[in-house]
Each structure stands twice: as C-alpha cells, then as structure tokens.
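The values are calculated or read from the model by the stated rules, or taken from the named source; none is laboratory data. Keep in mind the model is a prediction, meaning the values are calculated, not measured. Note that we place each Cβ from the backbone using ideal geometry, even for glycine, and neighbour counts take in every protein chain shown. Each accessible area value is taken on the protein alone, full model and side chains, heavy atoms only, with ligands, DNA and RNA left out. Shrake-Rupley method; radii C 1.70, N 1.55, O 1.52, S 1.80 Å.
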Amino acid sequence: MARYIVKRFFIMIITVLVIATLTFFLMHSIPGSPFNQERGTSEAVQANLEAFYGLDEPLYVQYGMYLKSIVTFDFGPSIKNPNQTVNDLLSRGFPISFELGIITILVALISGVTLGIIAALRHNGVIDYLAMTFAVLGISVPNFVLATLVIQQFAVNWSILPAATWSSSAHMVLPTLALATGPMAIIARLTRSSMLEVLTQDYIKMARAKGLTPMKIILKHALKNAMMPVVTILGTLVAAILTGTFVIEKIFAIPGMGKYFVESINGRDYPVIMGTTVFYSSILVFMLFLVDVAYSLLDPRIKLNAKGGE
C-alpha cells in the first residue's frame, strides 16, 4: 500500500502538470491580450500592463513563471481585480464552493443509495417504477435548467424559499437540489441494479436461512458489495459536482469560486483561470485517489500494488 501511495503521488503530480500545461497553452493560443477589451486605453498603457503581468515575455519564460507559481502556490494578482491576488479570491470563494459541494455530495449519496435500495426491494412494483422514472428525469434535465425551474416554483410562485445568496440554511436548499438531483439519480440506478444482483447471491440466501432480519441482511451483508459500482463512479461524480457549482453559483448569486471563474473567462483573466484550474484539478485528482483506496477497503479481495493495478 505504501509503495502504491508513493507511485500514485507522482502520477498525481504529473497529471496536474499536464492539465496546467494544456490550460496555459490553450489560454495563450487565443489571439489578442486581456487588455484589448479596455476602451480608451492607449497602446503605451497596454504595453506597461502587459510588462507588469509578464505577458510581454516569450512564451517559454511565461510558462516557467507559471510553473514557479504552481510550486510556490502564489498565482499573483488578478488582472481584472488588481488589488486582490488569486490566492485571496481562492481563500474567499473556495470555502463557500466547498461547502456547497460537500452538502450536495452527501445529499446525492444518501438519497441516491436509499432510493436505489427501496427500488430494489420493491422490484417491478409501483415504487420501483416511480423511482426509476424519477432517476431518468434527474439524469436527463441539466442542472442549470433545473435551477431555473426550482427558482420559478419555490421562490417565485410559492415564495417559500429564497432564490439567491448564501447566508442561511434556507439559501442552501435550492442550489443543493439543483446540483444533487442528477448525481442522486445516477447513484440510485447503480445501487438498484447492483442490489438486485447481490440479493441473488448464495451468501444472501444463507443469511436468510439463518433467520436474519431483512434490515440486517441489507445493511450488514448486501449493501457493502452493492456499493462497489457506486464507489467506482463516485470520483467522477465528485468532479462533476465540484466543477458544476460554477454555473449554479452564478445562477443563485452565491459568492463562491463560480463568480470569479466565470468573470475571469469573460475578461480573459489569465492568473485566475490558470490558478483556479490547477487548484481544482489538484483536488479532483486527489479525490480520485481516495476513491481507489476506498474501493480496496470495501473489497479485501482487491489488492493495490506498486504498479497501480488491482
């Protein structure tokens, strides 16, 4: 396990480096300068601004400066908010985005697993059909479309929940619902299909023959093995949720990283775009690593080795 962790650590570093490199060259492949959008700015002023941010240097020099900023975790000042550094924006916005992401993941996981178990236990019944219909709708409707629908219904028509900002628990309900519905539907379908397969295994039949209660059979024997497909896809879902918060935060006016990231794209704010990309890619790569470890802990038959295999 120790050798596997060390090897994965180096793989994670290489992965983040590749993502950072692609982001850097894609950003700089766009013609023009971030200061071209400034109306009434003379060429001399633009040249001074580019010199201040190092944009007048050769591309390989800028790339070296960018790698240094990654190693030191100091991404410098924002172009559109020169009085604030990228680190300041991350320290201000990421805790809110992280809180929204964690709440969404917990809601999606708990409700999705519960719904999948109920559907499996009521296989081919009304509850099963209703649960899977809900799952299909949850997967089909994009979260930004669902966000507008829940705002219209719960905030405008019924006026029972606030539509924007992030200042109380009531403000968390609608954005969490918009973000969690899709992942919850995916988890529910996976849990249902996996649970149906597990419930036909011989050791489940043996547990029933021993007189164990259905609840004990589900929680102690069936659920652990049924969670394997869910854990497998959990890393991808976490990535989708954490990056999906950007659009939802913009819709609900949540002061998280989504606000700064969307504004940075519109304004071609290189430091914010590249700093945010590296920061989030590091988190997501680490989450995928945790999923691999959790996978081996759930099934002792799976052994992790230094070659990264199972």
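Things to note:
One line per residue, one yes/no per condition, for (1) modelled with pLDDT under 80; (2) over 13 Å from the mean Cα position of the chain (by Cα):
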| residue | (1), (2) |
| --- | --- |
| Ala222 | no, yes |
| Ala239 | yes, no |
| Gly258 | no, no |
| Ile273 | no, yes |
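- Sole residue being of a type in the set (Gly, Ala, Ser) and out of contact with any helix residue (DSSP H, G or I) (no Cβ under 6 Å at 6 or more places or on another chain), chosen from Ser97, Ser91, Ser78: Ser91
- Boolean, Phe98 is at positive phi and out of contact with any His (no Cβ under 9 Å at 6 or more places or on another chain): no
- Selection from segment 159-217 of residues that are of a type in the set (Val, Ile, Thr) and closer than 15 Å to Leu121 by Cα: Thr191, Val198, Thr200, Ile204, Thr213, Ile217
- Residue satisfying all of: in segment 38-56; surrounded by 12 or more Cβ atoms within 10 Å (Cβ to Cβ) and touching an Asp or Glu at 6+ places or on another chain (Cβ under 9 Å); modelled with the highest pLDDT among these: Asp56
- Of all residues in segment 146-186, those that are assigned to a loop (DSSP other than H, G, I, E, B) and free of Cβ contacts under 8 Å to residues at least 60 places away in the same chain total 7.
- If the condition is being of a type in the set (A, V, I, L, M) and open to solvent by 50 Å² or more (accessible area, probe 1.4 Å), then segment 68-102 contributes Val71, Ile102.
- Looking across Ala240, Ala209, one residue alone is farther than 25 Å from Ser282 by Cβ and out of contact with any Cys (no Cβ under 9 Å at 6 or more places or on another chain). It is Ala209.
- Considering residues of segment 137-164 that are open to solvent by 60 Å² or more (accessible area, probe 1.4 Å) and touching a helix residue (DSSP H, G or I) at 6+ places or on another chain (Cβ under 9 Å) only, the residue nearest to Ile110 (Cα to Cα): Ile139
- Restricting segment 192-207 to residues that are in a helix (DSSP H, G or I) and aliphatic (A, V, I, L, M) leaves a set whose member that is most open to solvent (accessible area, probe 1.4 Å) is Met206.
- The residues listed here are Leu106, Leu115; of these, the one that is at pLDDT 90 or above, open to solvent by less than 70 Å² (accessible area, probe 1.4 Å) and within 24 Å of the chain's Cα centre (by Cα) is Leu115.
- Number of the condition not met by Thr213 [criteria: (1) in contact (Cβ under 8 Å) with a residue 60 or more places away in the chain; (2) of a type in the set (Ser, Thr, Tyr); (3) open to solvent by 40 Å² or more (accessible area, probe 1.4 Å)]: (1)
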